[in-house]
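Asks: Just dropping this structure here.
The values are calculated or read from the model by the stated rules, or taken from the named source; none is laboratory data. Keep in mind the model is a prediction, meaning the values are calculated, not measured. Every residue, glycine as well, gets a Cβ built from its backbone with ideal geometry; the counts of neighbours run over all protein chains shown. These accessible areas exclude ligands, DNA and RNA; they are computed on the full protein's heavy atoms, side chains included. Shrake-Rupley method; radii C 1.70, N 1.55, O 1.52, S 1.80 Å.
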Amino acid sequence: MLDYNVFSELQANCKYLSKSIYHAYIEKALSSYPHSFWKYARDLKQHPEIPVSECFGNHSSNNPSESANLFSDYFKSFFGTSTPNQSHSNSPYSLPFDLLSDFKFSPENIFSTLSTLCNKTSTDPDVIPAIFLFNCRLSIYIPLFLLFRRSLDECTFPNIWKICSATPVLKSGDASDVTNYRPISIISHIAKVFESVVYHCIKRSLNYILIDEQHGFRPSKPTCTNGVSFLSYIIENIDSGSQIDVIITDFKKAFDTVHHEQLIYELV
């Protein structure tokens, strides 16, 4: 009986502390920076589990391993194998702007990027938590700088950094049909650090090239600002009695259906 009373008291204290901490978390999320609020909103979303039974075309499976292979077959079908059209190489075309031909960064840039991993506990395909790289930043930022510098100088991206873990995320429709999913690729944290360093080197040039009307994947210009800007434009024209014609195109799986070899050829 005495043990039960002690257990009941500890259980009550645990519930009280849990509720107190949760309410404090909500209050902080709703009253602090926008990214904290949206993180809280995303956490509230339900993430339905992938059904055991999946189908792709005429193939179906009730086995997790076979279902994973169906996802693999579907995601691999995005990539074409035909040879890129080489006719573009003979066309005299010059860009109306200058792009960076080299990236200049310092070891301090690497250290600064590693310092942003202080609150991240996610793991990568190497099963290395981001917080591990943060704790080792004083020892690894110089070797990483030398590695990144050599990779750019030799125009070689290590194959090990290209390995990723693909997580299927349901977009819409029947959850048992693999074609209704899109892959989310999780690459290694070191590759992400490299990507971040290069991005900060070229973002100023890219922002100069992109028009102001370009929204999405840009600082201070997410897709929601595009809607606000467009709505403001419509209201101004309605007030002035002008005609407005709108064409909206939805490219389903736009990036997935792009011929990747052709895209790389055009970029190079």
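Asks: What is the set of long-range amide H partners of ILE186 at a cut-off below 5 Å, with H atoms built 1.01 Å from backbone N?
Replies: For ILE186, whose amide H was placed from the backbone, the distant partners under 5 Å are SER165, ALA166, THR167.
Asks: Per residue, what accessible area does segment 133-268 have, given a 1.4 Å probe and all protein chains present, in Å²? Don't skip to the end; give the middle numbers.
Replies: Numbers: 9830 Å² over 136 residues.
Computed with neighbouring chains in place, this is 72 Å² per residue.
Asks: Still on this structure, I have one more. Which of the chymotrypsin sites (Phe, Trp or Tyr not before Pro) across segment 154-251 are loop residues per DSSP, with 11 or fewer other Cβ within 10 Å? Let's see the in-between values first.
Replies: Details: sites: TRP161, TYR181, PHE194, TYR199, TYR208, PHE217, PHE230, TYR233, PHE251; in loops: PHE217, PHE251.
Those that pass, being in a loop and sparsely packed, are PHE217, PHE251.
Asks: Oh, and also: Heavy-atom accessible area of ARG150 with all protein chains present, probe 1.4 Å, nearest 10 Å²?
Replies: 150
Asks: Now for a different question. Counting Lys and Arg as +1 and Asp and Glu as -1, each charge on the Cβ, what is the dipole of segment 128-268 about the Cα centre in debye, to the nearest 20? All intermediate terms of the calculation are to be shown ahead of the outcome.
Replies: Values: 13 positive and 14 negative charges, 164 e Å.
Charge dipole of segment 128-268: 780 debye, to the nearest 20.
Asks: Residue by residue through segment 201-217, what is 3J(HN,Hα) from phi via Karplus (6.51 cos²θ - 1.76 cosθ + 1.60, θ = phi - 60°)? Round to whole Hz and write x for glycine and proline.
Replies: 6, 9, 4, 5, 5, 5, 5, 6, 7, 5, 6, 5, 6, 7, 10, x, 6
Asks: Show me, for segment 178-185, the HN-Hα J-couplings you get by feeding each phi into the Karplus relation (A = 6.51, B = -1.76, C = 1.60, θ = phi - 60°), rounded to Hz, glycine and proline as x.
Replies: Listing the rounded values in order: 5, 6, 8, 10, 10, x, 10, 8 Hz.
Asks: With the calculation restricted to Cα positions, what are the radius of gyration and Dmax of segment 190-261 in angstrom?
Replies: 17.1, 55
Asks: Each residue of segment 5-10 in order: what ³J(HN,Hα) in whole Hz does its phi give by Karplus 6.51 cos²θ - 1.76 cosθ + 1.60, θ = phi - 60°, with x for Gly and Pro?
Replies: 5, 4, 4, 4, 5, 5
Asks: Now, a different point. From the residues ILE234, LEU147, GLY216, which one has its Cα farthest along the dipole of segment 129-242 in the positive direction, the dipole being from +1 and -1 charges on Cβ of Lys/Arg and Asp/Glu about the Cα centre?
Replies: Checked the options; the winner is LEU147.
Asks: While we're looking at this one, here's another question. Collect residues whose amide H, placed 1.01 Å from N in the peptide plane, falls under 5 Å from the amide H of TYR181; neighbours closer than 5 in sequence don't count.
Replies: Amide H to amide H, under 5 Å and 5 or more residues apart or across chains, TYR181 pairs with LYS171.
Asks: Sorted by mean Cβ packing within 10 Å, highest first, what order do the peptides 128-135, 61-68 take? Could the numbers behind the result be given before it?
Replies: Details: 128-135: 16.8, 61-68: 13.4.
By packing density, highest mean first, the sequence is 128-135, 61-68.
Asks: Moving to a separate point now. Would you mind checking the pairs LYS120/LYS221; LYS15/LYS171; LYS120/LYS162 and listing those with alpha carbons more than 31 angstrom apart? Can you show the working numbers first?
Replies: Numbers: LYS120/LYS221 25 Å; LYS15/LYS171 36 Å; LYS120/LYS162 21 Å.
Those over the limit are LYS15/LYS171.
Asks: Ignoring ligands, DNA and RNA, what percent of the 1.4 Å accessible area of segment 144-201 is carbon and sulfur?
Replies: 59
Asks: Less than 17 Å apart at the alpha-carbon level, and either on another chain or at least 8 residues along: which aspartates and glutamates does that give for LYS76?
Replies: Cross-link targets: GLU54, GLU66, ASP177, ASP256, GLU261.
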